[in-house]
Amino acid sequence: MSLSLSAQNVVKRYGGVLALSDGNLDVHAGEVVALIGANGSGKSTMSKVINGVVVLDGGRLLLDDKPVHFSSPQAAKKMGIATVFQELSLIPKMTVAENIWLTREPLNAFGQVDRKVIKEKTQQLLSLFEGTYKTDLHPDDPVASLPPDEKQIIEILKAISFDPWMVILDEATASLDSRQVNRLFELVKRWKADGKAIVFVSHRMEEIFRIADKFSVLRNGKTVGAGEIKDINEKELVKLMIEKESIFSFARAAKAEEKTEKPICLEVKDLRADSLRGVSFSVREGELVGIGGLRGQGQRDLLLSLFGDIPYSGLVRLFGSETRLRHPREAMKRGMALVPGDRAKEGLLYIRSILENFQLPSWAKYGFPLRIAKAKKDASDTGVSLNLKMASLNEPVSSLSGGNAQKVVLGKWLMRKPKLLLLDDPTKGVDVGTKAEIYDLLTKLCGEGKTILFYSSDDEELVGLCDRVLVLHDGVIRSELTGASLTKENLIAASLGVSSAGGEA
């Protein structure tokens, strides 16, 4: 039987915010539909309506042309709809197998959990991504011990274990490396051939055009375009999403100002930490220096050690003075800020208000008793400068779209007016419109004399935005790319450890 699901004229309100005003989506068995839109456009809300996380306020859902109502995610799962969210639902203290089969554990003839069957079934699922794990992954491994990419794989396998006819992949590739993405896409093609329907939510255009059969574009809660992916190109999709093409004009144009004569802001010699094997480089005032390479090559440890968050050895000279930072508080006092890569776990308190999140690192400067009016004004001014779309400062951060939540992560540190800004993949999972705004902001900050060290998992972003890029491979700087050598080809070659890339370090 060929199944289909249709969301028609869907309306969803969150208090005074209209998240969906006229959302439409048609999905049929055996096809991949890319659900596209800027953050805040309604993509996540549409996904949550389809899988029963939220109940629609208007419009209707049709399953095989018959009206259907999903009162909960369990109700949607019973109808064969599973979702892989970007924000993981795994329980860290439980094992891989326990997470996958939670509440659905196979029982033996005595009514007890059949651990042998669970282990065998889990191993079968794990084999789907065999050859892409960093280590041998076993059913009994605790999820807390896994790196982010493998946690994402477990989230995917958990959804597939239901054997659904329809799978929603909501930014499921954001944490995966290229091998893992390739394997996922092989599986998607297999699932499609088996008659499954896939809703693919991604901000990566290359992936959308590589895997999707159809597209559906949301903008400000309305579906503004849908059709065959072969009938549209990247620029046309972006125009539908944001009504401008700012994403194609990266902030790094020909920079008239020469930065080589400016003072050195940060100097690092033989820095060693958990995954760093002797890193040396320097960054000048007003420079935007990228950190490239495949994930897990030491980029995160580099930023954390510089911010005093993990132990390190080696020399660090900050603003001309040798220093040894043993705690992030010391780094903050020295004019540094670190924007973490996982906004849900490290960047925000989702149940607290936007105001509280903005002021998390800065409450002390408002005295005691608290000058709340001044704190509100500073937070409001920061929100305006970042073009933050919100109902009010008193709303919880959880009410914001992903892109707007990321602006709060940036804004709370910018309110401290740092001289050196460390960024850990700040545009991961962010739509093209918000990316363009972040690029413009970073360029403006450099123009004001701020220094930025910028890790990104997006090669095009590094090439388009940075003055130069330090490529990490196996815990060392493999290459330093700048000027004519700063190309995507050289960056990829250096990331893979190919010695022929320009700018060998």
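The values are calculated or read from the model by the stated rules, or taken from the named source; none is laboratory data. These numbers come from a predicted model, not from an experiment. All Cβ positions, even for glycine, are placed from backbone atoms using ideal geometry, and neighbour counts span all protein chains on display.
Would you mention how many residues in the stretch 197-220 are under 16 Å from LYS428 (Cα atoms) and of a type in the set (D, E, K, R)?
Number satisfying all stated conditions: 3.
Given SER41, SER89, SER47, SER72, which one is within 29 Å of GLY402 (Cβ to Cβ), of a type in the set (Ser, Thr, Tyr) and touching a Gly at 6+ places or on another chain (Cβ under 6 Å)?
SER72
Looking for whichever is under 26 Å from VAL279 (Cβ atoms) and acidic (Asp, Glu) here; the options are ASP424, ASP431. Which one fits?
Just one listed residue meets the conditions, ASP424.
For the stretch 338-359, name all the residues that are farther than 17 Å from PHE307 by Cα and part of a loop (DSSP other than H, G, I, E, B).
The answer is LEU348, LEU349, TYR350, ILE351, ARG352.
Residues in the stretch 3-23: is at least one surrounded by 15 or more Cβ atoms within 10 Å (Cβ to Cβ), under 19 Å from ALA197 (Cβ atoms), under 28 Å from the mean Cα position of the chain (by Cα) and without any contact (Cβ under 8 Å) to a residue 40 or more places away in the chain?
Within the stretch 3-23 (the criterion being surrounded by 15 or more Cβ atoms within 10 Å (Cβ to Cβ), under 19 Å from ALA197 (Cβ atoms), under 28 Å from the mean Cα position of the chain (by Cα) and without any contact (Cβ under 8 Å) to a residue 40 or more places away in the chain), the answer is no, since none of the residues qualifies.
Step by step: first the residues of the stretch 278-321, then only those that are part of a strand (DSSP E or B) and among the polar types (S, T, N, Q), then the one that is farthest from SER178 (Cα to Cα). Which residue is that?
This residue is SER321.
Under 6 Å by Cβ, and 6 or more places apart or on different chains, what pairs join a residue from the stretch 106-130 that is outside the structural domain of ASP163 (by TED's automatic domain parsing) with one that is surrounded by 10 or more Cβ atoms within 10 Å (Cβ to Cβ) and modelled with pLDDT of 95 or more?
Cβ pairs passing all conditions: none.
Could you check, for the stretch 329-337, whether at least one of its residues is assigned to a strand (DSSP E or B), buried (at least 19 other Cβ atoms within 10 Å of the Cβ) and either in contact (Cβ under 8 Å) with a residue 60 or more places away in the chain or β-branched (Val, Ile, Thr) (or both)?
There is at least one residue in the stretch 329-337 that is assigned to a strand (DSSP E or B), buried (at least 19 other Cβ atoms within 10 Å of the Cβ) and either in contact (Cβ under 8 Å) with a residue 60 or more places away in the chain or β-branched (Val, Ile, Thr) (or both).
Looking at ALA29, ALA75, ALA34 in this structure, which one is crowded, with 20+ Cβ neighbours inside 10 Å, of a type outside the set (Val, Ile, Thr) and in the same structural domain as PRO164 (by TED's automatic domain parsing)?
Just one listed residue meets the conditions, ALA34.
Does LEU388 satisfy the criteria of being in the same structural domain as GLY429 (by TED's automatic domain parsing), surrounded by 14 or more Cβ atoms within 10 Å (Cβ to Cβ) and either of a type in the set (A, V, I, L, M) or in a helix (DSSP H, G or I) (or both)?
Taking the combined requirement at face value, the residue does not satisfy it.
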